[in-house]
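J.: Sharing a structure with you now.
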Amino acid sequence: MKRVLVILGFFGGLVVLWQALVSAGLWSPVLLPPPADVARYLWRAIVDGSLAEASWITMKRLMLGYVIGCVLGLPLGLATARSKYLSDTVGVLALGLQTLPSVCWVPLALLWFGQTETAMLFVVVMGTLWSVLIAVDNGARNLPPIYVRAARTMGSKGLHTLVKVILPASLPFVVSGMKQGWAFAWRSLMAAEIYVTILTGYGLGHLLHFGRELNAMDQVIGVMLIIVLIGLLADKVLFSPWEKFLQKRWGTGK
Amino acid sequence: MSTSDELQILPPSKLVVDHVTKSFHTQRGWLKALDDVSLTVDEGEFVCLVGPSGCGKSTLLNLIAGLDTPESGTLSCDGMPITTTGRDRGVMFQEHALFPWLDVLGNVLFGLNLKPSLNKAERVEIARYYLQLVGLGRFIHANVHELSGGMKQRVALARALAPNPRILCMDEPFAALDAMTREQLYADLQRIWDQRKKTIIFVTHNVREAVCLGDRVVLFSPNPGRIREQFRIDLQRPRDINSVELAEHATEITRALKQHNAKREVAE
């Protein structure tokens, strides 16, 4: 109960501060609209369905790209950790591409795929894949060898060892890699949506972009709030259970 | 197969190590960890391998466990050559090596899950039996990080026993524990050995521990790793590590150990 009060107090305080700054009249209301205006925009956008539609389109793109990135990244990361050749080739490639900010993929995706969903998907996959790959590789590589030895003495080998020992043993790395992959995917998709106008559906990034074009600051701030909210929600829904499991079993983070 | 079949006491194995040699490449060149070592361990015998570090006792244990292969010579278990790991040989390491992603029960089930003849309920029943045997019946759902060092080694013992091996290989399993915990585990291990009838190969650098547990103490010396001397310990069981007779045996063996070391240093 006390925690809830603290949280409500903090965010309520932020809104009050915002309103106070608006009332002080330091900036034009075009640049800094009062909270009520933003709330009004959000309410309208919720009622006319445009916010839900944009969120749905964005989430669809994000989930599809993210799942593809993870499905490719997980086995590749395990493979590069186990094979010297793969690590010298695919591993180095991944390391290099991971340092590339994912927004840099946007021009290339545009030229290759045009203003299409494929371009969006490509950017999200590129944002996810490399960081997941590297995190899993790192996890599998830093595994205490005693786990595999112990498993061997109990009759585990080959695929069984990979799935029942190496993969779960790298779980702390896998989860942090997937979390990082999520953050990168989210960033790259927003960049892609802001830069690329496509006709197959407007996402949250597009709403943000149109807000800027129309000088509609209430829309810009409103959409930004929604983007932050989705990020928070994804963290709680997708990763919190895993982190709780890690905390319980490994006893970390206490 | 039923639970009682799986839990039946299997006859322990006879182990034969025949002229085994094994070298390792180190920064200072090739190290002969084992030089023409031969050893026979009888069915149900408790043999302790003792010696200073680098004498090859752990290397020999790894070969018996099948985690490594010899350069020359052969090892066999009940006449069958040892080429790789097998469920007839359970292993316990100095580190507990428990899997942190599983709870206590999950760890003990790991080896049992690889036995296709059992169903889930039977596996759980067997795992519970072994956890009770090592005194952890009340901790089956605990997480590994919540256990003390001694409890972790107890789980590791239950995990090694669960697939019902005929040989138990133990590589300094109690070395990292405090003295009180160790003494309790000596008593428990002797009881379990008596109950489950295993052949046990126990590596340690603690002579008293070896005398307390072993039917026979095999003394190793390093560079190259060889068996120097063997001592039969005929003390009555269960043995108390603090008893006077035990201390006398330990003193005798320690003296021999020092003599071999001194001879080696003179020779060098």
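The values are calculated or read from the model by the stated rules, or taken from the named source; none is laboratory data. None of the values given here were measured: they were computed from a predicted structure. Cβ sites come from the backbone with ideal geometry, for glycine too, and all protein chains shown count toward neighbours. Areas reflect the complete protein model, heavy atoms only, side chains present, ligands, DNA and RNA absent. Shrake-Rupley method; radii C 1.70, N 1.55, O 1.52, S 1.80 Å.
J.: For the protein assembly as shown, what is the charge dipole size about the Cα centre, in debye to the nearest 20, if Lys and Arg each add +1 at the Cβ and Asp and Glu each add -1 at the Cβ? Kindly include the intermediate steps, with their values, before the conclusion.
T.: Details: 53 positive and 44 negative charges, 63 e Å.
Roughly 300 debye for the protein assembly as shown.
J.: So for A:LYS248, B:LYS258, what's the accessible-area order with a 1.4 Å probe, most first? Can you show the working numbers first?
T.: On the way: A:LYS248 105, B:LYS258 140 Å².
Result, largest first: B:LYS258, A:LYS248.
J.: Take each of the peptides B:5-13, A:236-244, average the number of other beta-carbon atoms within 10 Å over its residues, and list them starting from the highest.
T.: B:5-13, A:236-244
J.: Okay, next question. Relative contact order for the range A:35-250: what percent, with Cα pairs under 8 Å and sequence separation of 6 or more? Intermediate values should be presented prior to the final figure.
T.: On the way: 259 pairs, mean separation 59.6, N = 216.
Dividing the mean separation by the residue count of the range A:35-250 yields 28 percent.
J.: State which helices in chain B qualify, where a helix is a whole DSSP H run, it must extend 15 Å or more along its own axis by its Cα atoms, and its mean Kyte-Doolittle hydropathy must be at least 0.0.
T.: Helices meeting the criterion: B:149-161.
J.: Now for a different question. Lysines near A:LYS84 by alpha-carbon distance under 24 Å, same-chain residues fewer than 8 away left out - which ones?
T.: A:LYS157, A:LYS164
J.: Still on this structure, I have one more. Quick check for you: with a 1.4 Å probe and neighbouring chains kept, what is the accessible area per residue of chain A, in Å²?
T.: Values: 14060 Å² over 254 residues.
Spelled out: the 1.4 Å probe surface of chain A, per residue, equals 55 Å².
J.: Can you pull the mean other chain C-beta count within 10 Å for peptide A:150-162?
T.: On the way: counts 15, 6, 7, 18, 16, 9, 5, 3, 0, 0, 2, 0, 0.
Taking all residues of A:150-162 together, the mean is 6.
J.: Per DSSP helix of 4 or more residues, -39500 (n - 2.57); summed, then divided by the residues of chain A. What does that give at 222 nm, rounded to the nearest 500? Write out the running numbers ahead of the final one.
T.: Numbers: 12 runs with 188 residues, N = 254.
Value at 222 nm, helices only, nearest 500: -24500 deg cm²/dmol.
J.: What number, rounded to the nearest 500 deg cm²/dmol, is the helix-based mean residue ellipticity at 222 nm of chain B, given -39500 (n - 2.57) per DSSP H run of at least four residues and division by all its residues?
T.: Working: 8 runs with 99 residues, N = 268.
My calculation for chain B gives -11500 deg cm²/dmol from helical runs alone.
J.: Of the peptides B:15-28, A:129-142, how do they stack up when ordered by the mean number of other Cβ atoms within 10 Å, highest first?
T.: Working: B:15-28: 15.1, A:129-142: 23.7.
Packing order, densest peptide first, comes out as A:129-142, B:15-28.
J.: Of A:MET59, A:MET154, B:MET80, which has the most accessible area and how do the rest follow, probe 1.4 Å? Please report the intermediate quantities before stating the final value.
T.: On the way: A:MET59 50, A:MET154 10, B:MET80 130 Å².
Heavy-atom accessible area, descending, gives B:MET80, A:MET59, A:MET154.
J.: In this model, which of B:LYS14/B:LYS258; A:LYS60/A:LYS179; A:LYS244/B:LYS152 are farther than 24 Å apart at the alpha-carbon? Intermediate results must be reported in sequence, preceding the final value.
T.: Details: B:LYS14/B:LYS258 31 Å; A:LYS60/A:LYS179 18 Å; A:LYS244/B:LYS152 22 Å.
The pairs that break the limit, which is 24 Å between Cα atoms, are B:LYS14/B:LYS258.
J.: What's the local net charge at A:ILE198, with K and R +1, D and E -1, over the other residues with C-beta under 13 Å away?
T.: On the way: positive: A:ARG61; negative: A:GLU117, A:GLU193.
Around A:ILE198, the charge tally is -1.
J.: Still on this structure: Would you work out the charge dipole size for the range A:35-250 about its Cα centre, treating the Cβ of every Lys and Arg as +1 and the Cβ of every Asp and Glu as -1, and quote it to the nearest 20 debye? Could you put the intermediate results ahead of the total?
T.: Values: 18 positive and 11 negative charges, 254 e Å.
Dipole size: approximately 1220 debye.
J.: Heavy atoms only, probe 1.4 Å: what % of the accessible area of the range A:35-250 goes to carbon and sulfur, would you let me know?
T.: Details: 7620 of 10840 Å².
Answer for the range A:35-250 is 70 percent, counting heavy atoms of protein chains only.
J.: Sticking with this structure for a sec: Dividing the alpha-carbon Rg of the protein assembly as shown by 2.2 N^0.38 Å yields what?
T.: Working: Rg = 31.8 Å, N = 522, 2.2 N^0.38 = 23.7 Å.
Taking N as the residue count of the protein assembly as shown, the ratio is 1.34.
J.: To continue, here is another question. Excluding ligands and nucleic acids, what accessible area in Å² is computed for A:HIS160 using a 1.4 Å probe, to the nearest 10?
T.: Estimated to the nearest 10 Å², A:HIS160 gives 60 Å².
J.: In chain B, carbon and sulfur make up what percent of the accessible area (probe 1.4 Å)? Working shown, then result.
T.: Working: 5840 of 11740 Å².
Roughly 50 percent, rounded to a whole number.
J.: Give me the distance between the Cα centres of the range A:101-116 and the range B:113-134, rounded to whole Å.
T.: 55 Å
J.: In Å², rounded to the nearest 100, what is the total accessible surface buried by chains A and B against each other with a 1.4 Å probe? Don't skip to the end; give the middle numbers.
T.: Values: alone 15110 and 12790 Å², together 25800 Å².
Summing both sides, the interface buries roughly 2100 Å².
J.: Another question, then. Straight-line reach from B:LYS32: which aspartates and glutamates have a Cα under 20 Å away, not including same-chain ones fewer than 8 places off?
T.: Excluding near neighbours in sequence, the set is B:ASP18, B:ASP68, B:GLU71, B:ASP171, B:GLU229, B:GLU265, B:GLU268.
J.: Roughly what percent of Cα-Cα pairs across chain B reach past 30 Å?
T.: Working: 10486 of 35778 pairs.
Roughly 29 percent, once rounded to a whole number.
J.: Hey, can you list the residues from the range B:80-117 whose accessible area shrinks by 40 Å² or more with all protein chains present, relative to the chain by itself (probe 1.4 Å, no ligands or nucleic acids)?
T.: B:THR85, B:PHE93, B:PHE99, B:PRO100, B:TRP101, B:PHE110, B:LEU114
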